[in-house]
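The block underneath contains the structure these notes are about, expressed in structure tokens.
The values are calculated or read from the model by the stated rules, or taken from the named source; none is laboratory data. Everything quoted here is computed from the prediction, not taken from an experiment. Reconstructed Cβ throughout: ideal geometry from the backbone, glycine too, with neighbour counts over all protein chains shown. Keep in mind that these areas ignore ligands, DNA and RNA; they rest on the heavy atoms of the full protein, side chains included. Shrake-Rupley method; radii C 1.70, N 1.55, O 1.52, S 1.80 Å.
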Amino acid sequence: MKTIENISRMSTFAKMMKKEGKSIGLVPTMGYLHDGHLSLVKAAKKHTDVVVMSIFVNPIQFGPKEDFEEYPRDLKHDEEMAREAGVDVIFHPLLKDIYPEGYATYVTVEKLTSNLCGESRPGHFRGVATVVTKLFNIVKPEVAYFGQKDMQQAMMIKKMALDLNMDIEIKIMPIVREKDGLAMSSRNTYLSGSERRDAAVLYQSLLKAETLIKNGERDAGKVIKAIEDMIKAKESARIEYVKLVDARGLKDIKTITGEIAIAVAVFFSNTRLIDNITIMVK
Ligand code: AMP
């Protein structure tokens, strides 16, 4: 495995691989790796010849009051984990090379990004779409892998690739969870012991909602209330949103029918965690 910092070296390497007829799978991350990230690597290894993992904490997707500075970073440890998982290249570009002085171009995906995290994190998805476009142009993957954990992000990238005729297949992989159901996230390391215990309520409340729906509940408001009640019972939790949306357009729904997603964003102190499940309702 090698680590490449230089953008033109990365690009040259990608061209070389193409000349040799090898397909490239890209796994974009912000590092501080866990098994969720590694599940994307595993999928990439199955489908493509060369696996490139990018590690870049992208400042333009963080709001001014968010955790860009504090975001956990540990390249050495990431390199060990990535090597063990079979990553071929870590692409770890420098901030000043990705956004040199005078940088002025941004990518915006409309509609899908207006609800859910788009409401509370203005500019976030524009930052993600921009950096992912740049990574696609540099690494030139045939396939790129994203996690369902960030459902809205993954759907936005799929839509962006389609709308902008990017010749890249976008694969969305299932959420990897801790034993108690908490979705793995680099941000989980911010949690205190009691917050970590309380955080299991996110997935528990989603499962409870699923059971309610399976038992016939079709009123979105009632399901939302049930989730909120469970989360509010945890002292350290502060709800940002609990929403039921249609799984294609991510618009709020009142009546539960068809394919729906249930998505939550909850703060534990300053740590913002998200989770979701999708359900098909006949
Ligand atoms: P991040 O480093 O948090 O930006 O995540 C990089 C990629 O890994 C994104 O596509 C995430 O959706 C994905 N990812 C993060 N956590 C998980 C998880 N628990 N399960 C599956 N994929 C994940």
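Extending 7 Å from the Cα toward the beta-carbon at both residue 6 and residue 76 defines two label points whose distance is 2.5 nm. The protection proxy used here, the mean number of other Cβ atoms lying within 10 Å of each residue, ranks peptides 18-26, 198-206 as follows, highest first: 198-206, 18-26. Estimated from helical segments only, the mean residue ellipticity of the chain at 222 nm is -11500 deg cm²/dmol, where each DSSP H run of four or more residues counts as -39500 (n - 2.57). If you take the Cα centroid of region 233-258 and the Cα centroid of region 172-224, the two points sit 12 Å apart.
Per-residue packing, averaged as other Cβ atoms within 10 Å, sorts the ranges 35-42, 100-107 into the order 35-42, 100-107, beginning with the highest.
For residue 215 and residue 253, the difference between the fully extended length at 0.36 nm per residue and the C-alpha to C-alpha distance is 11.8 nm.
Excluding same-chain residues fewer than 8 positions from residue 96, which lysines have a Cα within less than 22 Å of its Cα? Straight-distance partners of residue 96: 2, 65, 76, 134, 140.
Rolling a 1.4 Å probe over the protein chains gives residue 132 an accessible area of about 10 Å². Counting charges near residue 197 (Lys, Arg +1; Asp, Glu -1) among other residues having Cβ under 14 Å from its Cβ returns a value of -2. Ordering of 144-154, 115-125 by packing is 144-154, 115-125, highest average first (other Cβ atoms within 10 Å, averaged per residue).
Note: relative contact order over the chain, using C-alpha pairs below 8 Å and six or more positions apart, is 17 percent.
Across the accessible surface of region 186-276, with the other protein chains kept in place and a 1.4 Å probe, carbon and sulfur atoms take up 48 percent.
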